[in-house]
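First up is the structure itself, then whatever we jot down about it.
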Amino acid sequence: MGTSVQVKPLCGVYNENPLSYLVSIDDFNFLVDCGWNDQFDTSLLEPLSRVASTVDAVLLSHSDTLHLGALPYAMKQFGISAPIFATEPVYRLGLLTMYDHYLSRKQVSEFDLFTLDDIDSAFQNIIRLTYSQNYYMSGKGEGIVIAPHAASHLLGGTLWKVTKDGEDVIYAVDFNHRRERHLNGTVLESFVRPSVLITDAYNALLSNQPPKRERDQQFLDAILKTLRADGKILVPVDTAGRVLELLLILDQYWENHHLTYPIFFLTYVSSSTIDYAKSFLEWMGDKIAKSFEHTRDNAFLLKHVTLLINKSELEKVPDGPKIVLASMASLEVGFSHDIFVEWAADSKNLVLFTERGQFGTLARMLQSDPPPKAVKVTMSKRIPLVGEELAAYEEEQNRKRKEEALKATLIKEEESKATLGAELSVGDPMVIDANIKQPSPNATGLLHGAFRDVFIDGFVSPPSSAGPMFPFYENSSEWDDFGEVIDLDDYMRKDEDMEQASMQVGGDLNGKLDEASASLMLDTTPSKVVSSEQTVYVKCSLVYMDFEGRSDGGSIKKILSHVSPLKLVLVHGSAEATEHLKEHCLKNVCPHVYAPQIEESIDVTSDLCAYKVQLSEKLMSNILFKKLGDFEVAWLDAEVENAENGSLSLLPLSTPPPPHKTVLVGDIKMADFKQFLASQGIQVEFAGGALRCGEHVTLRKVGDSSQKGGGNIQHIILEGPLSEEYYKIRDHLYSQFYAF
């Protein structure tokens, strides 16, 4: 049998909930994504809590909360301590996303599911990989190789390829085949016939996406119409994901058309987000990278966008038409929530949604058809404590500090007594009388407690940690033959400590936060949250345009047909979309399609039989290898024999090998072959999808329609009358392959 592969969904199947799946490869358990929703609903994490202790490694695919939002909570509450893998942008932008969510929640509630320290602790040990970089697992995962590849949904977004014994398991959710301003298309189509493909059905029912240029123009037209009517525009966005594409669209259009309407990007970490984006050009599309190479012009200088980190800065801006891109996209909390409440009652204003809101959120409610005319919202804010409340708070804090100090003192005393007792139980060779006598309590009124040990025979005090005049606690050190043992960790500076040491305010790249955000975190002023409910009458315009950066249903089906996996697992999508894509794939992609339920473990082990064999030295000496790209290949005829250690061994044939048909190994690109023929003096051109060679010979590639999935096996057909020209071109064609 092939490599054992088990898939168990923990969240995000037959619905649009966050993504989290347990993928087991030969008993090595990968937690693939660790998502949470914007409401931070702990009930969604119950399946994860039951398997957390078995997780051997964590793979993160994207930097938004749907893919990594539960990581700090899971590591703290469930004890996940496995190594975590992600790309550099997912690590950096994911960290900023979690900071922004925490600060937004903390301003309107006593949020205690995780802290900033929990976020730092979860992210500090992430192992960062580059695209196509192979990472070889060790220990329990020996033989497993993981590699990230471009998904092109968010910056640094990843398709994970996990390989063992030549079999590939591909995890590909939220991918985008279309090239955009800051990202190239996905590389998923470069994978052919993997053993297992895990993908999502989120957009399976979405079809007829408009061309990118038409979509962008509709977006800009809606914005300009509102601005020219003296209206304001709110665009609820994520912290550091799809908002980068929107900022580029606006900034470039404003530059090309010399517009002066103000554009604001408002999150707690907006400056840091853009600073990191400036440094991630190598992760972006070819156009941005080449532009920087030739002109040193960084696309994310954003000449027409003002970065804000506090709503008070926006309130200082003169009233008038403006665009504000503010987090959160769900409108549940954050700056976008407060701005919506203020602007919704004005019919001149526009709220422009660029992604579907999560279920149960205010954004999803406003995107319904027809939208509600009024909504109830909760307005919360944090205010400083004053008067009796402040006095009561300080009194409680003083009481807690005294309790902690008392506990620390008691612990020290217990440690001192334990150390003293252990030392007195051992005789000191320098004491004259080995039998230490304790004097009567009536001998002196000074003898009590731990200080009796100073009055002993021989006038030598035992080496105790207690002194007669004041407590002294010796910091004992370990010693060896060379002296005091040095703990190297005391002298090492971790990367994270160096980052903190070099942090500068004002959105410096080495820092993680903006000045205002950092001061907000360090603000210890006693405060409380006050809330009130109010009804908001929605008179402003509500428009939804798809800028999610995901492939549509038609494209997904074509890509899956091209990849044609041996087994397909569908996750993350509504029940209707999942069943629709499952039915299509059963007919057109592969016969093994699975759509498991939550905590339903499915076995998707390959039906292929793979064996490990040893090649004998005698056999190896007779093999003639040929170079094929980065590999060497050879045709082999051998006999299989059981070795003494139970493994299989290949030996030379005892009889002459049977003849076999010639096998051509390799691939040919028509454009390259055209150039080769031209270099040989043959007139060649493309016509009607075929390569016309000379006067009478035509060369074309044709897919084998009998193969399910289509397009995986292609035949090269050489057409024309048998002539000297025909045989000459055929010889040139054969020369492009390796013949066995």
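The values are calculated or read from the model by the stated rules, or taken from the named source; none is laboratory data. Only a predicted model underlies this, so the values are computations on that prediction, with no experimental measurement involved. Don't worry about glycine lacking a Cβ; one is built from the backbone with ideal geometry, like all the others, and counts go over all protein chains shown. With ligands, DNA and RNA removed, areas are computed over all heavy atoms of the protein, side chains included. Shrake-Rupley method; radii C 1.70, N 1.55, O 1.52, S 1.80 Å.
For this structure, a couple of remarks:
- Normalised per residue, the accessible area of the stretch 549-683 is 61 Å², obtained with a 1.4 Å probe and no contribution from ligands, DNA or RNA.
- Counting only Cα atoms, the stretch 1-88 measures 44, 28, 27 Å along its principal axes, largest extent leading.
- Accessible area of the stretch 1-108 belonging to carbon and sulfur atoms, whole % at 1.4 Å probe: 43 percent
- The chain: angle of helix 286-295 to the longest principal axis, Cα-based, in degrees nearest 10: 80 degrees
- Cα shape, the stretch 106-155, gyration tensor, a/c 1.5 rule: oblate
- Estimated Rh, the stretch 106-206: Kirkwood, alpha-carbon pairs, angstrom: 16.1 Å
- Between helix 243-257 and the chain: long-axis angle, C-alpha atoms, 0 to 90°, nearest 10: 70 degrees
- Estimated [θ] at 222 nm from DSSP helical runs (n ≥ 4, -39500 (n - 2.57)) normalised by residues in the chain, nearest 500: -9000 deg cm²/dmol
- Shown here is the pair-distance distribution of the chain: with all Cα-Cα distances grouped in 20 Å bins from zero up to the longest one, the shares run 13, 37, 29, 15, 5, 1, 0 percent.
- Simple spin-label estimate for Lys528 and Asp26 gives 6.1 nm between the two label positions (7 Å along the Cα-to-Cβ direction from each Cα).
- Here's the list of aspartates and glutamates a cross-link from Lys412 could span, going by alpha-carbon distance under 17 Å and ignoring same-chain residues fewer than 8 apart: Glu403, Glu404, Glu423, Glu474.
- Solvent exposure of the stretch 35-121 as accessible area per residue, Å², 1.4 Å probe: 29 Å²
- Solvent-accessible area per residue in the stretch 256-317 equals 52 Å², computed with a 1.4 angstrom probe and all protein chains kept.
- Among the listed pairs Lys303/Lys381; Lys567/Lys701; Lys106/Lys373; Lys212/Lys287, those beyond 22 Å (Cα-Cα): Lys303/Lys381; Lys567/Lys701; Lys106/Lys373
- By accessible area, using a 1.4 Å probe on protein heavy atoms only, the stretch 124-238 has 45% of its surface on carbon and sulfur.
- GluC sites (Glu not before Pro) restricted to DSSP loop in the stretch 609-669 with at most 12 other C-beta within 10 Å: Glu644
- Cα convex hull of the stretch 555-613 - mean projected area over all directions, nm²: 5.3 nm²
- Over the Cα atoms of the stretch 198-339, the radius of gyration divided by the Kirkwood radius equals 0.98; this is the Rg/Rh ratio.
- Working note: Debye formula, equal point scatterers on the alpha-carbon atoms of the stretch 629-676, no solvent; log10 I(q)/I(0) at q = 0.17, 0.30 Å⁻¹ is -0.77, -1.11.
- Around the Cα centre of the stretch 172-278, unit charges on the Cβ atoms of Lys, Arg, Asp and Glu (plus for the first two, minus for the last two) sum to a dipole of about 180 debye.
- Along each principal axis, Cα extent of the stretch 597-682, largest first, Å: 59, 55, 24
- Hits among aspartates and glutamates - C-alpha to C-alpha of Lys557 under 15 Å, sequence gap 8 or more where chains match: Asp174, Glu189, Asp200, Glu579, Glu583
- Cβ-placed point charges (K, R +1; D, E -1), dipole of the chain about Cα centre in debye, nearest 20: 3060 debye
- Across the alpha-carbon set of the stretch 303-424, the Rg to Rh ratio works out to 1.32, Rh being the Kirkwood radius.
- Measuring nothing but protein heavy atoms, the accessible surface of the stretch 243-395 at 1.4 Å probe radius is 52 percent carbon and sulfur.
- Viscosity 0.890 mPa s, 25 °C: Kirkwood-radius Stokes-Einstein D of the stretch 153-263 over Cα pairs, µm²/s: 145 µm²/s
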